[in-house]
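Note sheet for the following structure.
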Amino acid sequence: MLKVLFSRRMVAFHLLVLVIVPSFIWLGFWQLDRWETRSESVHLQQDNVAADPVPIEELTGVGEEVSPRDRWRTVEVSGTWDTEHELLLRNRDGSRGVGFHVLTPLVTEDGSAVLVNRGWIMRGDTALDVPEVPPAPEGTVEIAGRLQFTETEENTGLANRDDLPEGQIMIVDVDMLADRLPYPVLGGYVELTEQDPVPDPAPERIALREVDSGMSLSYAVQWWVFSVVAVVGWVVLMRRELRDARAAEEGGEPGGSDSPGGSGGTDGSGGTDGSEGSDASGGSGGSDAPATPAGTHAGRQ
């Protein structure tokens, strides 16, 4: 049986099980970790959106980065719009398809500015056309919006390009944009949700993109089920191999008692009986003892 269990084919199968079972278990815990991380993001978004608005200076400053824990918090700020340095963000979704987001600096009373995403507008006939942008109101305005950290190639998978039309960019890289502006810029940017006075017309307000925990938890359970299936399959195969090996050994023993030597002994016995019969009949047909009786019978007749 050991030969069966450690044959080349079975050793390869054992090694395969030793590899895939730990791998499936690890993948299950990896998906579980992803689910926990996404669940934390869901709760963070819900809590921050529901929190009371705070002045933007409490969460960010010039040259600072927005903490991931402060993302989606509603902040308030007042100032004047600087439409001369307004930019368009390409390939942004809105209610009517893909278009642009309007990014406009809002200059505060102390001379610093915050980048504000005023909302979505439709694109022109082609992606290279510059669409008409609803003008920002003049004078001092008060706004509120969701605070976001800077966009980078790492957290978006996108990068700004040099071949874009003038005034268009791909991502809100605050550090890069701050180098192009004539005033200090606060870290992060704001997605506009409220404005006073309210302009008309105005870009379409950006809908909150809710974070989803996804299917990671169900994927984790699936990987663990695969692990159990692999172990059960291994046990079933081992039991079958052992049963087949035991049956083969037990079937070989009767074959040994019915070996050619045993059956030849039986044939020799029959051959011996036949030869003895032949000898007896030969004796009765011999010329020694039977001659006298035969002669006697002939004389009597």
Could you look through the range 60-74, keep only residues that are among the hydroxyl-bearing types (Ser, Thr, Tyr) and modelled with pLDDT of 95 or more, and pick out the one that is least open to solvent (accessible area, probe 1.4 Å)? Thr60
When restricted to Phe13, Phe29, the only residue under 18 Å from the mean Cα position of the chain (by Cα) and either within 30 Å of Met238 (Cα to Cα) or not aromatic (Phe, Trp, Tyr) (or both) is Phe29
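For residues that are acidic (Asp, Glu), part of a loop (DSSP other than H, G, I, E, B) and open to solvent by 40 Å² or more (accessible area, probe 1.4 Å), scanning just the range 125-151, find the one that is modelled with the highest pLDDT.
Residue satisfying both the conditions and the ranking: Glu138.
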Conditions (1) modelled with pLDDT of 95 or more; (2) among the hydrophobic types (A, V, I, L, M, F, W, C); (3) open to solvent by 30 Å² or more (accessible area, probe 1.4 Å); number of the one not met by Val77: (3)
Scanning the range 85-106 for residues that are under 26 Å from Pro184 (Cβ atoms) and open to solvent by 30 Å² or more (accessible area, probe 1.4 Å), which turns out nearest to the chain's Cα centre (by Cα)? Leu87
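Tell me, please, whether a residue that is free of Cβ contacts under 8 Å to residues at least 12 places away in the same chain and in a loop (DSSP other than H, G, I, E, B) can be found in the range 152-161.
Within the range 152-161, one or more residues are free of Cβ contacts under 8 Å to residues at least 12 places away in the same chain and in a loop (DSSP other than H, G, I, E, B).
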Can you tell me which residue within the range 206-246, out of those that are modelled with pLDDT of 80 or more and small (Gly, Ala, Ser), is most open to solvent (accessible area, probe 1.4 Å)? Ala207
Per the filter on the range 189-205, residues farther than 22 Å from Asp47 by Cα, touching a strand residue (DSSP E or B) at 6+ places or on another chain (Cβ under 7 Å) and either open to solvent by less than 50 Å² (accessible area, probe 1.4 Å) or among the small types (Gly, Ala, Ser) (or both) are Gln195, Ala202, Pro203
Flagged in the range 37-56 as touching a residue at least 24 places away in the same chain (Cβ under 8 Å) and either of a type in the set (Phe, Trp, Tyr) or assigned to a helix (DSSP H, G or I) (or both), in numbering order, are Arg38, Ser39, Ser41, Val42, Leu44, Gln45, Asn48, Val49, Ile56
Can you run down the residue pairs with Cβ atoms below 6 Å, 6 or more apart or on separate chains, where the first is in the range 1-28 and at pLDDT 80 or above and the partner is polar (S, T, N, Q) and open to solvent by less than 40 Å² (accessible area, probe 1.4 Å)? Val21/Ser227; Phe24/Ser227; Ile25/Ser227
Could you tell me which residue of the range 57-79 is nearest to Asp129 (Cα to Cα), considering only residues that are touching a Leu at 6+ places or on another chain (Cβ under 7 Å) and part of a strand (DSSP E or B)? Gly79
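The values are calculated or read from the model by the stated rules, or taken from the named source; none is laboratory data. Remember, predicted model here, so these are calculated numbers, not experimental data. Note: ideal-geometry Cβ built from the backbone for every residue, glycine included; neighbour counts use all protein chains shown. With ligands, DNA and RNA removed, areas are computed over all heavy atoms of the protein, side chains included. Shrake-Rupley method; radii C 1.70, N 1.55, O 1.52, S 1.80 Å.
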